[in-house]
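Below: one structure, written as structure tokens.
What follows is calculated from the coordinates using simple rules that are stated; it is not laboratory data. For clarity, every value in this text was computed on a predicted model and none was experimentally measured. Glycine gets a Cβ as well: all are built from the backbone with ideal geometry, and neighbour counts include every protein chain shown.
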Amino acid sequence: MRDFSWDDAKIFAAVVEAGGWRRAAQRLGLSAATTSRRVDAFEAWAGEKLLERRPDGLRLTPRGARVMAALQQMGQAADSIRRATAEREQEVVRISATASMALVLAEHMSALAAATPGVVISLLPSRAILSLARREAEIAIRMRTPPDSGSLVMRRLARVRVALYAAPSLVPDPAAADLRALPYIGLARPAAQSRTVRALEALVGLRPPVAVLDDTPIRLRACIQGLGMALLPCLPAEATGRLHRIASLPPDCDEDAWLVMHEDLAPLPALRAVAEAVAALFHRQRAALMGE
């Protein structure tokens, strides 16, 4: 029997762990078609179907379950080898990120961990760029460049888009959604200071929201539960598979995500490794970050 492709095996395992093609493809930075094709190739090697496509989702066949168990054992063995050959104790790199970007990082934390062996990534959701100046974090991810960049190294990661989403329980048919009548979740920011809030008001009209939830993960959860329509970053919103996109915002509401570090810390190997892994992740997910 010919050897299998380890890359195909990892994609198969990712689909099983994610519970579906779309989420696995987003985590891997691949298209759904490529992900499906690679799983088909792995099943062709096995000589039979390992996954059953059912209305309620994917289900492992008996042989697929045995294969998946073996792959998990191989993964554990690979982790043991990495630990046994580590030349130094793990280092901690703290990333301060806005709530929306923290959601993106959390969704792909396993990929970041795999790309930075020997480094523990600590994720700190925060808007405050001062956390860098006070050395409360080594890396910051921000949606705008800091005002004083003299001692900072900045790297543009990707363009990020938000859109208006709603749960199917609230909006069964996105094409028929009445944006001027449906309840919506507001943001705790003055319209005069935020293009995004002005764009939201243009869509839903000048009327009170059902609630004001400025924290992105809380707003995402409330939207999924059907509380109201909500502005959400495209990647984490669509990764849930539980929301309809019902309206887009003008292009001038798109923002750039930036990676920021102090210049005296940038050369450190652990920080450099994490910064490169984060940059690679955003590059792979650039289409999903734009809701494409």
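Tabulated results
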{"read-out": "In nm, spacing of pseudo-spin labels at Ala287 and Ala181 (7 Å Cα→C-beta vector)", "value": "3.7 nm"}
{"read-out": "Cα-based equivalent ellipsoid, segment 188-292: semi-axes from gyration tensor eigenvalues, Å", "value": "31, 17, 13"}
{"read-out": "Nearest-0.05 FRET efficiency for Asp256 and Ala115, computed from C-beta distance (R0 25 Å)", "value": "0.65"}
{"read-out": "P(r) tail fraction, the chain - alpha-carbon pairs more than 29 Å apart, %", "value": "45 percent"}
{"read-out": "Extension gain, Ala106 back to Ala33 (0.36 nm per residue minus Cα-Cα distance, nm)", "value": "23.8 nm"}
{"read-out": "Unit charges at the beta carbon, dipole of segment 162-253: most positive-side option, Ala177, Ala167, Ser194", "value": "Ser194"}
{"read-out": "Highest to lowest packing among 9-22, 229-242, scored as the average C-beta count within 10 Å", "value": "229-242, 9-22"}
{"read-out": "Kirkwood Rh in Å, taken over segment 6-84 so that all alpha-carbon pairs contribute", "value": "12.9 Å"}
{"read-out": "Relative contact order of segment 6-84, pairs being alpha-carbon contacts under 8 Å that are 6 or more residues apart, as %", "value": "25 percent"}
{"read-out": "Amide proton proximity set for Ile121, modelled H, under 5 Å, gap of 5+", "value": "Val93"}
{"read-out": "The chain: most fluctuating residue of Arg54, Arg207, Arg198 per GNM, C-alpha cutoff 10 Å", "value": "Arg54"}
{"read-out": "Neighbour-count ranking [beta-carbon atoms within 10 angstrom, fewest first] of Trp45, Trp6", "value": "Trp6, Trp45"}
{"read-out": "Semi-axis lengths, Å, segment 137-252, gyration tensor of Cα atoms, sqrt of 5 times eigenvalues", "value": "28, 16, 13"}
{"read-out": "Estimated dipole of segment 163-248 in Debye, rounded to 20 [Cβ of Lys and Arg +1, of Asp and Glu -1, Cα centre]", "value": "140 debye"}
{"read-out": "Estimated dipole of segment 18-66 in Debye, rounded to 20 [Cβ of Lys and Arg +1, of Asp and Glu -1, Cα centre]", "value": "140 debye"}
